[in-house]
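Asks: Below is the structure I would like to discuss, written out as structure tokens.
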Amino acid sequence: HVSFDAMLRWHHYFTVLTGEAWQEARTALERAIDVDPDYAPTHAMLADMYGAEYHVMGADLAMLARAEALVNRALSLDPDNLFAHFMRASLYMLQGQRDLFFHKAAYVLGAAPRRADLLGGLGVFLGFWGDWDRGLDLVREAMALNPHYPGWYHYLPFLAAYRAGDHERALAETTRFNSPGFYWDVLLRTAVLGRLGRRDDAAAHLAQLVDLLPQTELDLTALMRRTVLTDDNVAAILDGLHCAGLPIVEKPRMV
């Protein structure tokens, strides 16, 4: 029961992406591992929470080390657990090991060609790292397999349209993000409004963005790169934010 509840909370967090849901899922998964230290899925899911703390919230490298230890434990408990292999791929991504990520992603996709959660996550990562066609195909397939997919799957088609200069289509993608309290939703919407020259609309989103950005020692460029992976992606988004009126600053939020 404890592990099942924790897994439900993990699913909930990655749907709504709120700080409250993240804390509830992390706490529940840590408790589940204490209660049942030999259950691989909860180890892999807690690694995912720690990975999110690193790449979304700007935590330091120690958080990646904690995630890696959990993935190692999950795979030692169950070498065939596909979500643990997915998390191994995710850690390669977060560590900047592109070739290892692509290799592990290919393994997971070959072993689970119909798992919507794995297809969607890997599709977004592959696209951000430059394999746009394959990434978009996987995201669309994941959406078809699971009509209740999380809104962040739309980040990839957003960025593809945005980078191609199709800003109206990119703006339409933002209406499907569905996590209004998550800073990436607001950040991307602000960027495309800036590119469209809609400064008045962008201003309100920009003010909200400043309030939503996490407390971190990273500058905004470094924080963004942990999610969208390449300098080209970061530069394109920053251009839109500057068009929206964001000053060039060293810290994403100053207190």
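The values are calculated or read from the model by the stated rules, or taken from the named source; none is laboratory data. Since we're looking at a predicted model, the values are computed, not measured. Using ideal geometry, Cβ is built from the backbone for each residue, glycine included, and neighbour counts are taken over all protein chains shown. Remember, those area values only see protein heavy atoms, side chains included, never the ligands or the DNA or RNA. Shrake-Rupley method; radii C 1.70, N 1.55, O 1.52, S 1.80 Å.
Asks: Determine which member of the set ALA62, ALA40, ALA69, ALA74 is over 18 Å from PHE14 (Cα atoms) and touching a His at 6+ places or on another chain (Cβ under 6 Å).
Replies: Only one candidate qualifies: ALA74.
Asks: Here's another thing I want to ask about it. Given the criteria among the hydroxyl-bearing types (Ser, Thr, Tyr), farther than 26 Å from LEU220 by Cα and open to solvent by 40 Å² or more (accessible area, probe 1.4 Å), does TYR92 qualify?
Replies: Judged against the criteria, TYR92 is not a match.
Asks: May I pose another question? Considering only region 56-71, state which residues are touching a Lys or Arg at 6+ places or on another chain (Cβ under 9 Å) and either more than 15 Å from PHE86 (Cβ to Cβ) or among the hydroxyl-bearing types (Ser, Thr, Tyr) (or both).
Replies: VAL56, GLY58 - these are the residues of region 56-71 that are touching a Lys or Arg at 6+ places or on another chain (Cβ under 9 Å) and either more than 15 Å from PHE86 (Cβ to Cβ) or among the hydroxyl-bearing types (Ser, Thr, Tyr) (or both).
Asks: Being in contact (Cβ under 8 Å) with a residue 12 or more places away in the chain and touching a Phe, Trp or Tyr at 6+ places or on another chain (Cβ under 6 Å) is true for just one of GLU173, GLU168, GLU217. Which residue is that? Lay out the reasoning, then the answer.
Replies: On the way: GLU168 fails: touching a Phe, Trp or Tyr at 6+ places or on another chain (Cβ under 6 Å); GLU217 fails: touching a Phe, Trp or Tyr at 6+ places or on another chain (Cβ under 6 Å).
On inspection, the qualifying residue turns out to be GLU173.
Yes or no, residue by residue, for (1) among the charged types (D, E, K, R); (2) closer than 30 Å to ARG198 by Cα; (3) open to solvent by 10 Å² or more (accessible area, probe 1.4 Å); (4) in a helix (DSSP H, G or I):
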| residue | (1), (2), (3), (4) |
| --- | --- |
| PRO113 | no, no, yes, no |
| LEU122 | no, no, no, yes |
| PHE125 | no, yes, yes, yes |
| ALA142 | no, no, no, yes |
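Asks: Follow-up question, since we're still on this one. For ASP78, all conditions in the list (1) in contact (Cβ under 8 Å) with a residue 24 or more places away in the chain; (2) open to solvent by less than 30 Å² (accessible area, probe 1.4 Å); (3) over 22 Å from THR230 (Cα atoms) hold save one; what is the number of the exception?
Replies: (2)
Asks: Give the residues of region 56-105 that are in contact with a helix residue (DSSP H, G or I) (Cβ under 6 Å, 6 or more places away or on another chain), outside any helix (DSSP H, G or I) and over 13 Å from HIS43 (Cα atoms), sorted by residue number.
Replies: GLY58, ALA59
Asks: Moving to a separate point now. Given region 150-255, what helices (runs of 4 or more DSSP H) lie entirely inside it while holding 1 or more residues that are β-branched (Val, Ile, Thr) and buried (at least 18 other Cβ atoms within 10 Å of the Cβ)?
Replies: The qualifying helices (runs of 4 or more DSSP H) are 167-174, 183-195, 220-228, 231-244.
Asks: Out of the residues in region 127-140 meeting the condition of being in contact (Cβ under 8 Å) with a residue 40 or more places away in the chain and outside any helix (DSSP H, G or I), tell me which one is nearest to HIS85 (Cα to Cα).
Replies: Looking at the filtered set, the residue picked out is TRP129.
Asks: Return the residue satisfying two criteria in turn: it lies in region 196-212 and is of a type outside the set (Gly, Ala, Ser) and more than 23 Å from the chain's Cα centre (by Cα), and of such residues it is nearest to PHE158 (Cα to Cα).
Replies: Checking each candidate, the answer is LEU196.
Asks: Those residues that are in a helix (DSSP H, G or I) and either at pLDDT below 95 or open to solvent by 50 Å² or more (accessible area, probe 1.4 Å) (or both), I need them from region 1-13; list them, please.
Replies: PHE4, ASP5, LEU8, ARG9, HIS11, HIS12
Asks: With respect to the numbered conditions (1) within 23 Å of GLY123 (Cβ to Cβ); (2) open to solvent by less than 20 Å² (accessible area, probe 1.4 Å); (3) of a type in the set (A, V, I, L, M, F, W, C), which one is the sole condition not fulfilled by LEU46?
Replies: Tallying (1) within 23 Å of GLY123 (Cβ to Cβ); (2) open to solvent by less than 20 Å² (accessible area, probe 1.4 Å); (3) of a type in the set (A, V, I, L, M, F, W, C), LEU46 fails exactly one: (1).
Asks: Further question on the same structure: Residue by residue through region 95-111, note down the ones that are surrounded by fewer than 18 Cβ atoms within 10 Å (Cβ to Cβ), farther than 20 Å from TYR155 by Cβ and not hydrophobic (A, V, I, L, M, F, W, C).
Replies: Scanning region 95-111 gives GLN95, GLN97, ASP99, HIS103, TYR107, GLY110.
Asks: With respect to ARG26, determine if the residue is more than 21 Å from PRO79 (Cβ to Cβ), among the charged types (D, E, K, R) and surrounded by 17 or more Cβ atoms within 10 Å (Cβ to Cβ).
Replies: So ARG26 fits the description; yes.
Asks: Same structure again: Report, ordered by the first and then the second residue, all pairs with beta carbons closer than 6 Å, sequence separation of six or more or different chains, a first member in region 8-28 that is of a type in the set (Ser, Thr, Tyr), and a second member that is surrounded by fewer than 18 Cβ atoms within 10 Å (Cβ to Cβ) and not in a helix (DSSP H, G or I).
Replies: Sorted first by the residue in region 8-28, then by its partner, the pairs are THR18/GLY181.
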